[in-house]
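Okay, structure first, notes after.
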Amino acid sequence: MATTLNDSPKYRNSLICCSPRSVDVTSRSSSSTSGCVSADESYDSNYIPKSIANKKLKIHSSATKEEVEKAINQCKELVLNSPQCSDERKWLVRYLVELRLRLEDLKDNDGQLRSRVAIKGHHFEQQTTTSNRKQYCDHCSGVIWSIVQSSYICKDCGYICHYKCVDDICRVCAHVVMTEKGQFEMNICPEKGLAAQEYKCAECSTPLTFKDSWNEPRLCDYTGMYFCGTCHWNDLSPIPARVVHNWDWEKRYISRLAYQMLTLSWSRPYIDVENVNSKLFSFIAELEWVHKMRKDLEWMKRYLCACSEGSNLLSPLFVQLGDVNKKYSMSHLQAINDGSLETQLTELTEVCRLHITNCSLCSGKGYLCEVCGNNEVLYPFDSGAIMCEKCNSMYHRGCWLRKGQNCLKCLRLGERKKNINTTDDVDTNLEYDIDKFVK
């Protein structure tokens, strides 16, 4: 079991106030009582030595209690007959540990496994296929021996745990948390301090102390809360609040709950940059350009939705960025930072513009400049055109400036309203002498 302990994320480089101590993972090793088991990070649980590949030791994930016990006895005999400290014995010892863990799981539930479990907002389903990469339990941070040890995964947030740990989990499903909040934490590391947490882990309430290096408090840069090593695996991720306020994309240490929340909501449009930090547009030219393109897409959407052929151009990216709420997701901001979104938006707007200007139905909804009177059709998304905010009339920018930024249509409407009010005043003040009409 020393392999499981040293291999667990709980015992990786510890962290106090986001200052991790560097630990050489490759230098860590442990041994079992037989001196044959080492904690190799590159160990593949699906690997079988060639010398015992034909022994048919592998069992199905739905194996019964009797089948597991039979495999354990067979594995014991092979361990005794294998050369000492050989690769064959190392694999057999690992596999024997897995079989015994699997047998304990079956005994806890009278030999029957639950296929589905609902707890703490999670919707767990039993993992039936083994993974090629090493998995760890989100509850105890121990290794999940995927070959024979049953485990569950939440289909909503990806929480993984042992079969025996599923009834003891204390973390609420990240999908439920983000659905209720509907937004990211927009304060930069809102730290309250250990005293406010009564020196306990914010998730599992484990006592935190600086005396024990394996149970020291670890700060989550997203929530500002302190966690124990079991609930904080030193996962790294950019922080939404730091991105919006400072355009800081440096990855920082976060807890498992925060990591699952950010991973789950990375592509959800939760960030309103205009309300949180409108000055960011002045400092990030790419963000300002994308923001302008979003306004153009909003106008294009009105044309394309009313056209049967144009509706086919409403790609998922168009629907996301053409939304009227002007919110961004972390994936959008990340694409702006690396420059990939600018290229996609340029291609998208050119295709949509080409359709609108050439389509007889869409182009018939354009505008003509009233000042110059030429036949050039103007659209709200044209860079050389400007729209009156009151009556939505379109003008060339040069014509608009030449007229002193005064809309001709608004002037006519104002004069008409003024004349109507004058006529009404004359009619109400007019006095009639009834004797003039009586003979």
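Overview of results
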read-out	value
Residues of the stretch 332-358 that turn out to be surrounded by 12 or more Cβ atoms within 10 Å (Cβ to Cβ), within 28 Å of residue 238 (Cα to Cα) and either in contact with a His (Cβ under 9 Å, 6 or more places away or on another chain) or among the charged types (D, E, K, R) (or both), as a count	2
Answer residue from the stretch 258-271, given it is under 19 Å from residue 159 (Cα atoms) and in contact with a strand residue (DSSP E or B) (Cβ under 6 Å, 6 or more places away or on another chain) and is most open to solvent (accessible area, probe 1.4 Å) among those	259
Every residue from the stretch 161-177 that is aliphatic (A, V, I, L, M), surrounded by fewer than 20 Cβ atoms within 10 Å (Cβ to Cβ) and in a loop (DSSP other than H, G, I, E, B)	172
Residue that is surrounded by the most Cβ atoms within 10 Å (Cβ to Cβ) [pool: residues in the stretch 379-405 that are over 14 Å from residue 302 (Cβ atoms) and either hydroxyl-bearing (Ser, Thr, Tyr) or touching a His at 6+ places or on another chain (Cβ under 7 Å) (or both)]	395
Sole residue being in contact (Cβ under 8 Å) with a residue 24 or more places away in the chain, among the acidic types (Asp, Glu) and within 26 Å of residue 179 (Cα to Cα), chosen from 323, 248, 296	323
Criterion: of a type in the set (Val, Ile, Thr), within 19 Å of residue 320 (Cβ to Cβ) and at pLDDT 95 or above - qualifying residue of 290, 244	244
Given (1) over 16 Å from residue 328 (Cβ atoms); (2) more than 18 Å from the chain's Cα centre (by Cα); (3) buried (at least 17 other Cβ atoms within 10 Å of the Cβ), number of the condition residue 255 does not satisfy	(2)
Residues satisfying the stated conditions in the stretch 163-200, i.e. under 30 Å from residue 102 (Cα atoms) and not aromatic (Phe, Trp, Tyr)	164, 165, 166, 167, 168, 169, 170, 171, 172, 173, 174, 175
The stretch 271-305: number of residues that are within 14 Å of residue 380 (Cβ to Cβ) and assigned to a loop (DSSP other than H, G, I, E, B)	0
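Listed here are the residues, each with its yes/no results for (1) out of contact with any helix residue (DSSP H, G or I) (no Cβ under 6 Å at 6 or more places or on another chain); (2) at pLDDT below 90; (3) surrounded by 21 or more Cβ atoms within 10 Å (Cβ to Cβ); (4) of a type in the set (A, V, I, L, M).
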{"site": "97", "(1), (2), (3), (4)": "yes, yes, no, yes"}
{"site": "111", "(1), (2), (3), (4)": "no, yes, no, no"}
{"site": "120", "(1), (2), (3), (4)": "yes, yes, no, no"}
{"site": "131", "(1), (2), (3), (4)": "yes, yes, no, no"}
{"site": "143", "(1), (2), (3), (4)": "no, yes, yes, yes"}
{"site": "159", "(1), (2), (3), (4)": "yes, no, yes, no"}
{"site": "179", "(1), (2), (3), (4)": "yes, yes, no, no"}
{"site": "184", "(1), (2), (3), (4)": "no, no, yes, no"}
{"site": "192", "(1), (2), (3), (4)": "yes, yes, no, no"}
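The values are calculated or read from the model by the stated rules, or taken from the named source; none is laboratory data. Remember, it's a predicted structure, so these values are computed and weren't measured experimentally. Positions of Cβ are backbone-derived with ideal geometry, glycine not excepted, and every protein chain shown enters the neighbour counts. Side chains included, ligands, DNA and RNA excluded: accessible areas come from the protein's heavy atoms. Shrake-Rupley method; radii C 1.70, N 1.55, O 1.52, S 1.80 Å.
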